[in-house]
Amino acid sequence: MSTEEAVEIAERCYGLRVEAQRLSGEKDSNFHLIDRQGREFLLKVVNPEEDPAATNMQTAALQHVEKTDPGMPVQRVVPNLAGSPEFTLDRGPDDARTVRLVTFTRGLLQRKTPQTPAQRHNIGAMLARLQSALEDFRHPAESHSSIWDLKNILSLDEMFEDIKDGMRRTELLGWVDLFRAEVLPNVSHLRAQVVHNDLNSDNVVVDPVDTDKIIGIIDFGDMVRTPVVFDVAVAAAYQLTETENPLADACDFLRGFHSRRPLLPTEIDILFPTIVARMVMRIAITEWRAVRFPENRKYILRNTPLAWRQFHRLAQIPRAQATSQIAHALSL
């Protein structure tokens, strides 16, 4: 979709006269809009292959958070001229796209800032707050199938075939086997709810002056109902840096989360293999997608070399030692 079309949609459907700038995105068309009063918005035109029900869940979740925690720094849904929080744009046969307009969160992405223990702690606390705001949120599409849901990691077998280095592939599959044996049998006994499921450093917005201050959580596109600890592990996996003790960075984040929403002993016990499983999933899916979408390969693989390095550092830590380090960090 062109920026000209985005400008036309903004005026026709929202009564806004704007300038538009395309933003990067893996599947959807995203545009940063600025109107004549200087107000900023994000226009999302969802890929037609996405499940409309899952997209509606994301819209409803944003509205729910606004009601349950009005001060929570998430984007606000802007209704169109008909009063609808989203609508379907019909562009022809097999090309119906959901359109949503939200407020734009101005600040710096965490990825572009110096990462500190305080920043990681605050991100953990913010995720706990978001989970609390979503705790009683329900939606018909909450259990939709998502390749990014760790419950579904066993369905990714064919994706590992695109990792041509046999030794590397074997390393990844070894952790899948561990996750299968130690985590998946306990899924039905874990706390579960609808969660963000993708709190990476591109989805956390920080204050440009005080970069330890979190002023936004964005991109709810991977939301799903899954164990709470999976959401925590996903976010923790993105708080690793290239230090000799990468798990210490994750522990900064985990302390922040635990301070607002205490993790249960059963959750702490499976955190480490779940963090590593998320890294395995991230590597496998991005390598697989890069093969199938070569025109977007550079964007898809932009963080994969770092993921490989972090995976190898984590994989060297004995399972019992890692769990003990996490428990000690949480003062258990």
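The values are calculated or read from the model by the stated rules, or taken from the named source; none is laboratory data. Since the structure is predicted, the reported quantities are computational estimates derived from the model, not experimental observations. With ideal geometry, Cβ positions are generated from the backbone for all residues, glycine too; neighbour counts draw on all protein chains shown.
Test of understanding: among D207, D198, which residue is of a type in the set (D, E, K, R) and under 28 Å from H312 (Cα atoms)? Answer to the selection: D198. For segment 51-99, which positions are of a type in the set (A, V, I, L, M) and closer than 17 Å to E11 by Cα? Within segment 51-99, V77, V78, L81, A82, L89, V99 meet the criteria.
Taken together, the residues in segment 135-147 that are hydrophobic (A, V, I, L, M, F, W, C) and either outside the structural domain of V234 (by TED's automatic domain parsing) or crowded, with 19+ Cβ neighbours inside 10 Å (or both) amount to 1. Screening D249 with (1) modelled with pLDDT under 95; (2) more than 20 Å from the chain's Cα centre (by Cα) gives one miss only, at (2). Please find, within segment 50-94, the residue that is modelled with the lowest pLDDT out of those that are part of a loop (DSSP other than H, G, I, E, B) and touching a Lys or Arg at 6+ places or on another chain (Cβ under 8 Å). Selected residue: R91. Only one of the listed residues (R129, R111, R120) is within 19 Å of Q58 (Cβ to Cβ), touching a residue at least 60 places away in the same chain (Cβ under 8 Å) and in a helix (DSSP H, G or I). That residue is R129. Mind counting the residues in segment 6-29 that are surrounded by fewer than 16 Cβ atoms within 10 Å (Cβ to Cβ) and either within 29 Å of the chain's Cα centre (by Cα) or free of Cβ contacts under 8 Å to residues at least 60 places away in the same chain (or both)? Residues flagged as surrounded by fewer than 16 Cβ atoms within 10 Å (Cβ to Cβ) and either within 29 Å of the chain's Cα centre (by Cα) or free of Cβ contacts under 8 Å to residues at least 60 places away in the same chain (or both) within segment 6-29 amount to 11.
Selection of segment 149-172 for residues being within 16 Å of L184 (Cβ to Cβ) and either in contact (Cβ under 8 Å) with a residue 24 or more places away in the chain or not in a helix (DSSP H, G or I) (or both) yields D149, L150, K151, I153, L154, L156. Checked against (1) more than 30 Å from H32 (Cα to Cα); (2) within 17 Å of the chain's Cα centre (by Cα); (3) without any contact (Cβ under 8 Å) to a residue 12 or more places away in the chain, H328 passes all but a single condition, namely (2). Residues of segment 185-207 include at least one that is among the charged types (D, E, K, R) and touching a Gly at 6+ places or on another chain (Cβ under 8 Å).
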